[in-house]
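**Student:** There's a structure below that I have some questions on.
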Amino acid sequence: MTSGNPEKERLIKNLMDQGYLRTKKVISVFGKIPREEFVMESDRAFAYADYPLSILSGQTISAPHMVAIMTELLEPETKDKVLEIGAGSGYQAAILSKLVKKIYSIEVDPELVSFARSNLSKASVKNVEVIMGDGSKGYEKAKPYDKILVTCATPEIFDSWISQLKMNGILLAPVGGGFYQELMKIRKTKKGLEKKNHGGCAFVPLRT
């Protein structure tokens with residue numbers, strides 16, 4: 001960890017100590033992406049606090065530990081093409097951008113589309129395309145995807161996501177209609193969908 005930012009390095013150490021950050025490549029990326037570029041100007045002082053922060057349109061940027069959990073569970077590989085449902089601030093996509101080849105991020109809110117694009121540009125991220133659209137429908141144009149990451153609470157796993165996922169691909173999503181959801185990791189196999197519950201979480205709901 002040589003980010004030059006003591007608060008960032010302290011956060012990374014804490015995430016490692018708690019077992020949220022496990023692999024060297026993900027640890028390295030957390031040190032490279034400036035989270036302060038993805039929060040509101042008034043919250044820059046809290047960029048490396050491990051809790052969610054409000055952004056625009058009643059949405060939030062996830063707590064760093066949740067970004068770490070989801071990034072590790074997605075098992076990102078350098079050749080991966082990833083579909084993200086819910087761009088938000090763009091921070092999760094920025095983290096993944098250093099680990100995969102290409103990311104298509106679908107966001108229904110025009111204000112957040114602009115916010116995410118601006119933040120990604122400031123952070124010099126060039127392999128993320130933020131697209132305005134209904135995330136429940138996925139993004140047919142660039143299918144199939146090696147990985148699909150849903151960054152908002154979804155009441156169900158939509159057929160469109162499964163159909164756009166490659167065989168042996170991974171889909172990660174907070175599933176549930178209430179305030180709390182279950183973080184589900186789904187692998188698409190020839191025998192069907194392999195599902196594993198990775199515990200409770202709390203995300204803002206998917207908007208369509």
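**Student:** Given the peptides 193-206, 137-150, arrange them by the average over their residues of other C-beta atoms within 10 Å, most packed first.
**Tutor:** Answer by packing, highest mean first, reads 137-150, 193-206.
**Student:** Looking at the square roots a ≥ b ≥ c of the eigenvalues of the Cα gyration tensor of segment 29-135, which shape do they give, rounded for a/c under 1.5, prolate if a/b is larger than b/c, or oblate?
**Tutor:** oblate
**Student:** Find the relative contact order for segment 6-201 and round it to a whole percent, using C-alpha pairs within less than 8 Å whose residues are 6+ positions apart.
**Tutor:** Reported relative contact order: 15 percent.
**Student:** Under a point spin-label approximation (7 Å from Cα along Cα-to-Cβ), what is the F46-H198 distance to one decimal in nm?
**Tutor:** Inter-label distance under the simple model: 2.5 nm.
**Student:** To the nearest µm²/s, what D does Stokes-Einstein give for segment 107-208 at 25 °C and 0.890 mPa s, using the Kirkwood radius over alpha carbon pairs as Rh?
**Tutor:** Calculated translational D: 168 µm²/s.
**Student:** Could I ask something else about it? For segment 39-113, which trypsin sites (Lys or Arg not before Pro) are both in a DSSP coil and crowded by at most 10 other Cβ atoms within 10 Å?
**Tutor:** Here the sparse-neighbourhood loop sites are K79.
**Student:** Suppose we keep just the alpha-carbon trace of segment 38-84; what are its Rg and Dmax in angstrom?
**Tutor:** 13.0, 37
**Student:** If amide hydrogens are placed 1.01 Å from N in the peptide plane, which non-local residues have theirs closer than 5 Å to the one on T60?
**Tutor:** I55
**Student:** Note the full-extension length gain between S114 and K166 as 0.36 nm times their separation in residues minus their Cα-Cα distance, in nm to one decimal.
**Tutor:** Taking S114 through K166 to full extension adds about 15.8 nm, to one decimal.
**Student:** Given Cβ point charges of +1 (Lys, Arg) and -1 (Asp, Glu) and nothing else, what value in debye, to the nearest 20, does the dipole of segment 6-201 about its Cα centre take?
**Tutor:** For this selection, approximately 1000 debye.
**Student:** Would you please state the base-10 log of I(q)/I(0) at q = 0.16, 0.19 1/Å for segment 6-201, with intensities from the Debye formula using one equal scatterer on every alpha carbon?
**Tutor:** Debye intensities relative to I(0), on a log10 scale: -1.01, -1.48.
We did not get these values from a lab; they are worked out from the coordinates using the rules stated. Note that the structure is predicted; figures quoted are calculated from it, not measured. Here Cβ is always computed from backbone atoms with ideal geometry, including for glycine, and neighbour counts include all displayed protein chains.
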